[in-house]
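Here's the structure we're looking at; comments come further down.
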Amino acid sequence: MSSRAARDPYTTRFEATVESREGREIVLDRSYFYAEGGGQPADRGTIAGIPVDDVQERDGRVVHVLAGDVDADADGIEAGATVECAVDGAFRTYCMRAHTASHALYGAGRRLLDDLGYGGFGITEEKVRVDFSTPTAIDDATLVELERLVNEVVWDSRSVTWEEYPREEALSRDEVAFNTKTEEGIEGDAVRVVTIDGADGPWDAAACGGTHVSNTREIGPVTVLGRSNPGEGLTRVEFAVGSVGIERRVAEKRAALDAARAAETNVGDLPNAVARLREEREDLRSELAALRKRLVDARIAELREETIERDGRTWLVGEVEGLDANGLADRAQALAGDGADVVALVDGSSLAVATTGDPAAGAVVDGVTDEFGGGGGGSPTVAQGGGLNADGEEVVSFLRGE
């Protein structure tokens, strides 16, 4: 006996006879509990007032698993007993809305994406996922358009129907979507097809055994949350219905209003305002880089006036701020041989040394790290050190032999 939930999803209270019982597992002569499958979770509810933790279909029978703390000897549920059953209406309604929304989303995908194939589906309490198999890149603009089309379908109040067809007939219909990799929904002789009506033919038609609302207006607002890539050739689109989707919209609206206020504009002009701010930022970065270069050039000019003689070589040594480690090394290398045989530039705990070959740059760095810790290395003509346990002034004094 299969569940009647998909055929009559609005039935949430019914009476049934217990066919069999094994511990916490109960089989009824009829059931409107949805058994987990096809990406949709099992229904919740009660049997004879006792919570149902899980519902599974095994060998053509719907097995209801009672809560783990149930005392099988004391609850009075035994074979032949008539029991009152109640499906959790709120959770059933959520699943009906979420599942139907996934069909509406897939229908939107048919209109926007090339060579669309069905790659999977799943419902959780926080969100719903639909996996698209398509060569089309689903960017932010496509996500926005998917959301727009789905909510238009909701607003249009389109009827949703389900009907069984002979398997071969269903498979021959080009407009019906199937998960051909898993053959989900097409295992038996008959295939249940869920259809969302459209103005010119179905908006969507798919083989599906889940529970659905009878009109798209019952779905309510749909909010697309984002996308990811769960596997080769697949794009996963996640969305929310109900309170999660509403809260996401509220958060995004609040963020947009806050951003518009900070940018001294309105939400509609935010893209232009952001573009202007980005341009201003790049101009400021260029100006700052130019000022830093001028400061570094000025500092280098000062150091040229303060060269010293050590071991028959001219040394240019000093602190230079405003360069990263590589920039420091580039400057040192450019100066070596231009009025100085050895150039050693220090910025905090970083050191760059360039020489004309004698002494070797690496040997100079090794002498500093032997004295102040840290590490480094390089070629005979250019080397770097870092992690020095001294301030720049101490390192400069050491290099100058003071």
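The values are calculated or read from the model by the stated rules, or taken from the named source; none is laboratory data. On a predicted model such as this, the values are computed, not experimentally measured, just so you know. In this analysis, Cβ positions are derived from the backbone assuming ideal geometry, glycine residues included, and neighbour counts consider all displayed protein chains. Side chains are part of the model used for accessible areas, which takes the heavy atoms of the whole protein and leaves out ligands, DNA and RNA. Shrake-Rupley method; radii C 1.70, N 1.55, O 1.52, S 1.80 Å.
Whenever you get a sec, compute what percent of the accessible area on the range 25-132 sits on carbon and sulfur atoms (1.4 Å probe).
Looking at the range 25-132 in its full context, I get 40 percent from C and S.
Please report, as a whole percent, how much of the solvent-accessible surface of the range 142-248 comes from carbon and sulfur atoms (probe radius 1.4 Å). Write down the numbers at each step before the final one.
Working: 2510 of 5340 Å².
Reported share for carbon and sulfur atoms: 47 percent.
Can you give the Rg/Rh ratio of the range 41-171, where Rg is from the C-alpha atoms and Rh is the Kirkwood radius?
Here the Rg-to-Rh quotient is 1.10.
Averaged per residue, what accessible area in Å² does the range 159-289 show with a 1.4 Å probe, protein chains only?
59
In whole percent, what relative contact order does the chain give with Cα contacts below 8 Å and a gap of six or more residues?
Across the chain, relative contact order equals 10 percent.
Which helices of the chain meet both criteria: a Cα extent of 30 Å or more along the helical axis and a mean Kyte-Doolittle score no lower than -0.5, with helices taken as whole DSSP H segments?
On the way: long enough: 89-112 (34 Å, -0.28); 270-304 (50 Å, -0.57).
Helix filter hits for the chain: 89-112.
When the accessible area of the range 311-402 is split by element with a 1.4 Å probe, what percent falls to carbon and sulfur?
On the range 311-402, the fraction of accessible area on carbon and sulfur atoms equals 41 percent.
From the helices alone, meaning DSSP H stretches of at least four residues, give me the mean residue ellipticity at 222 nm for the chain, per-run term -39500 (n - 2.57), in deg cm²/dmol to the nearest 500.
On the way: 8 runs with 131 residues, N = 402.
The helix-only estimate for the chain comes to -11000 deg cm²/dmol at 222 nm.
When only Cα pairs under 8 Å and 6 or more residues apart are kept, what is the percent relative contact order across the range 8-144?
Relative contact order of the range 8-144: 23 percent.
Under 1.5 on a/c is rounded, so check that first for the range 131-174, then, if it is not, pick prolate when a/b is larger than b/c and oblate when it is not; a ≥ b ≥ c are the square roots of the alpha carbon gyration tensor eigenvalues. Don't skip to the end; give the middle numbers.
Working: a/c = 4.56, a/b = 1.45, b/c = 3.15.
Judged from the Cα gyration tensor, the range 131-174 comes out oblate (a/c at least 1.5, b/c at or above a/b).
Please identify the GluC sites (Glu not before Pro) of the range 210-261 that satisfy two criteria: DSSP loop assignment and at most 14 other Cβ atoms within 10 Å. Which are they?
GLU232
What are the residues whose amide H is under 5 Å from the amide H of ASP53, where those residues sit 5 or more places off or on another chain and H is modelled from the backbone?
VAL65, LEU66, ALA67
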